[in-house]
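Below: the structure, in structure tokens.
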Amino acid sequence: MPRPIWVTIDSGALTHNLGVVASALAGDGRAVDARIWAVTKAQAYGHGLDAAIRGFAQADGLAMLDLDEAVYCREHGWHGPLLLLEGFFEPDDLPVLARHRIAATVHCVEQLAMLEAARPVRPIDIFLKLNTGMYRLGFQAPEYRDIYRRAARLQAMGIVGVLGKMTHFACADEDARATQEQIACFQKVTEGLPGPVSLCNSAAVLTPELVGAVSAQTGDHWVRPGICLYGASPFAHRTAQGLGLRPAMTLAARLISTHPLPAGQSIGYGLTFRASRTMRVGIVACGYADGYPRHAGTGTPVVVDGVRTRLVGRVSMDMLAVDLGPVPQAQVGSLVVLWGQGGPSADEVALSCGTISYELLTAVTSRVPRHVLPVSEQEQR
Ligand SMILES: *Cc1c(COP(=O)(O)O)cnc(C)c1O
């Protein structure tokens, strides 16, 4: 028998969450006219590309980082637009982009030079990235219009197809004013330059003032939600459930031992948790080698046999310990949900260990068996 730990990917939850984004855009009367790139970088935030291709069948496009992942999508049933968020890295990538109709972000002059030297079999669609204040990727504001003109020449030569403009927000999840400044910078720099635009991540898409401001000022707008499509919240102070999202990933395991921890005794490496009175504990077949965060400390929420309880002591490589006080009926074989449906949210677990759900979802390791649930007919509608 395999070790009792597994991850379940609910493709229907992906479809549901895409619907939540679509309704947020359709919003209260002032409908936002935007198309959706579902962001599927890092193997669809750890959910796998097969689930993403099915779950996001109704998205307008898929956006990711890795050329191999984009080609995989093209060869496994994704016929719509594909966008590489960091673009390409060497000249040999360009024929692959052209052949598979994969669009690329262009964020530096080195990439532009590679395009100028290329003779692709068909024009390559690009989005020219502008740095509006995050200082990660993108051309700087003073050079942007010259860069755009260079790209427009490539368009006239048939090397570039669609010529779009994009930027990325640094803190749409917590500071709407800083984001409005980024939008204003984008507007000012790209004023009058034709082509589609792409700006909003999950936090911006779910903030009507932001996505509304962008769409009102631009024409053809592509939004780029990621984390919310997987059922986690981009905001520290709003829960995924409150946003109407459903977790797509559930990490579950079983108890492999239960025993008393006598008063005064401690448990696990470093003996960091000491029982003040005798209590019952359970050992779960899940550890940091499965991708559960080692820095999740005593008190991190976990659900055993449907009852919420807490982690105690340090997470080991292959095991962790839980307090069975609230779950007297628990025994070897009891179901433990580490996060997801029927458990704490990945956001709650992340909060307990000083990180964000993005990191937990993308960290589940390959030794954990995966079950992918299909999209039901009801969810498809
Ligand atoms: C990851 C990423 C997104 C999606 O961000 P979320 O916060 O997951 O919605 C959008 N655009 C770019 C450029 C990204 O790198």
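The values are calculated or read from the model by the stated rules, or taken from the named source; none is laboratory data. All of these numbers come straight from a predicted model, not from anything done at the bench. Note: ideal-geometry Cβ built from the backbone for every residue, glycine included; neighbour counts use all protein chains shown. Side chains are part of the model used for accessible areas, which takes the heavy atoms of the whole protein and leaves out ligands, DNA and RNA. Shrake-Rupley method; radii C 1.70, N 1.55, O 1.52, S 1.80 Å.
Here is the figure for region 210-228: residues that are in contact with a Gly (Cβ under 8 Å, 6 or more places away or on another chain) and either over 30 Å from His47 (Cα atoms) or more than 14 Å from the ligand (Cβ to nearest atom) (or both) total 2. Applying the condition of being touching a helix residue (DSSP H, G or I) at 6+ places or on another chain (Cβ under 6 Å) and more than 19 Å from Lys188 (Cβ to Cβ) to region 212-225 and asking which residue is surrounded by the most Cβ atoms within 10 Å (Cβ to Cβ) yields Pro225. The C-beta contact set for region 164-184 (first residue open to solvent by 10 Å² or more (accessible area, probe 1.4 Å) and within 11 Å of the ligand (Cβ to nearest atom), second residue in a strand (DSSP E or B) and basic (Lys, Arg), distance under 9 angstrom, 6+ apart or interchain) comprises His168/Lys129.
Do you know which of the residues in region 192-211 that are small (Gly, Ala, Ser) and more than 23 Å from Ile356 (Cα to Cα) is most open to solvent (accessible area, probe 1.4 Å)? Looking at residues that are small (Gly, Ala, Ser) and more than 23 Å from Ile356 (Cα to Cα), I get Gly192. Considering each residue of region 58-80 in turn, at least one proves to be within 23 Å of Asn131 (Cβ to Cβ), assigned to a loop (DSSP other than H, G, I, E, B) and within 16 Å of the ligand (Cβ to nearest atom). Scanning region 273-294 for residues that are more than 22 Å from Arg367 (Cβ to Cβ) and either part of a loop (DSSP other than H, G, I, E, B) or open to solvent by 70 Å² or more (accessible area, probe 1.4 Å) (or both) yields Arg274, Ala275, Ser276, Arg277, Thr278, Arg280.
Residues in region 244-256 that are surrounded by 19 or more Cβ atoms within 10 Å (Cβ to Cβ), assigned to a loop (DSSP other than H, G, I, E, B) and over 13 Å from the mean Cα position of the chain (by Cα) were compared, and the one that is nearest to the ligand (Cβ to nearest atom) is Leu245. Which is open to solvent by 60 Å² or more (accessible area, probe 1.4 Å), part of a loop (DSSP other than H, G, I, E, B) and over 15 Å from Arg3 (Cβ atoms), of Gln378, Gln331? So the residue among Gln378, Gln331 that is open to solvent by 60 Å² or more (accessible area, probe 1.4 Å), part of a loop (DSSP other than H, G, I, E, B) and over 15 Å from Arg3 (Cβ atoms) is Gln331. Looking only at region 342-357, decide whether some residue is more than 30 Å from Pro225 (Cα to Cα), surrounded by fewer than 18 Cβ atoms within 10 Å (Cβ to Cβ) and at pLDDT 95 or above. Within region 342-357, none of the residues are more than 30 Å from Pro225 (Cα to Cα), surrounded by fewer than 18 Cβ atoms within 10 Å (Cβ to Cβ) and at pLDDT 95 or above. Do any residues in region 224-244 that are farther than 12 Å from Asp173 by Cβ and among the basic types (Lys, Arg) have Cβ atoms under 6 Å from those of residues that are in a loop (DSSP other than H, G, I, E, B) and near the ligand (Cβ under 8 Å from one of its atoms), where the two are at least six apart or on different chains, and which pairs are they? So the pair list comes out as Arg224/Asn201. Taking the stated definitions as given, is His259 more than 14 Å from the ligand (Cβ to nearest atom), surrounded by fewer than 18 Cβ atoms within 10 Å (Cβ to Cβ) and under 23 Å from Ser345 (Cβ atoms)? Taking the combined requirement at face value, the residue does not satisfy it. Going residue by residue through region 85-102, is there one that turns out to be within 16 Å of the ligand (Cβ to nearest atom) and within 15 Å of the chain's Cα centre (by Cα)? Within region 85-102, one or more residues are within 16 Å of the ligand (Cβ to nearest atom) and within 15 Å of the chain's Cα centre (by Cα). Within region 21-52, being within 20 Å of Gln380 (Cβ to Cβ), surrounded by 21 or more Cβ atoms within 10 Å (Cβ to Cβ) and under 17 Å from the mean Cα position of the chain (by Cα) holds for Val21, Ile36, Ala38, Thr40, Ala44, His47, Ala51, Ala52. Residue check: Gly297 meets all listed conditions (1) part of a loop (DSSP other than H, G, I, E, B); (2) under 17 Å from Arg254 (Cα atoms) but one, namely (2). When residues in region 179-209 are screened for being more than 14 Å from Leu130 (Cβ to Cβ), assigned to a loop (DSSP other than H, G, I, E, B) and touching a helix residue (DSSP H, G or I) at 6+ places or on another chain (Cβ under 6 Å), 2 of them pass. For the list (1) on the phi < 0 side of the Ramachandran plot; (2) of a type outside the set (A, V, I, L, M, F, W, C); (3) more than 16 Å from the ligand (Cβ to nearest atom), I need the number of the one condition that Thr207 fails. (3) is the only condition that Thr207 fails. Of the residues making up region 109-119, not a single one is modelled with pLDDT of 95 or more and within 14 Å of the ligand (Cβ to nearest atom). Scanning region 310-341 for residues that are basic (Lys, Arg) and either at pLDDT below 95 or in contact with a helix residue (DSSP H, G or I) (Cβ under 8 Å, 6 or more places away or on another chain) (or both) returns a single hit, Arg314.
Kindly indicate whether any position in region 134-141 is hydroxyl-bearing (Ser, Thr, Tyr) and open to solvent by less than 60 Å² (accessible area, probe 1.4 Å). Within region 134-141 (the criterion being hydroxyl-bearing (Ser, Thr, Tyr) and open to solvent by less than 60 Å² (accessible area, probe 1.4 Å)), the answer is no, since none of the residues qualifies.
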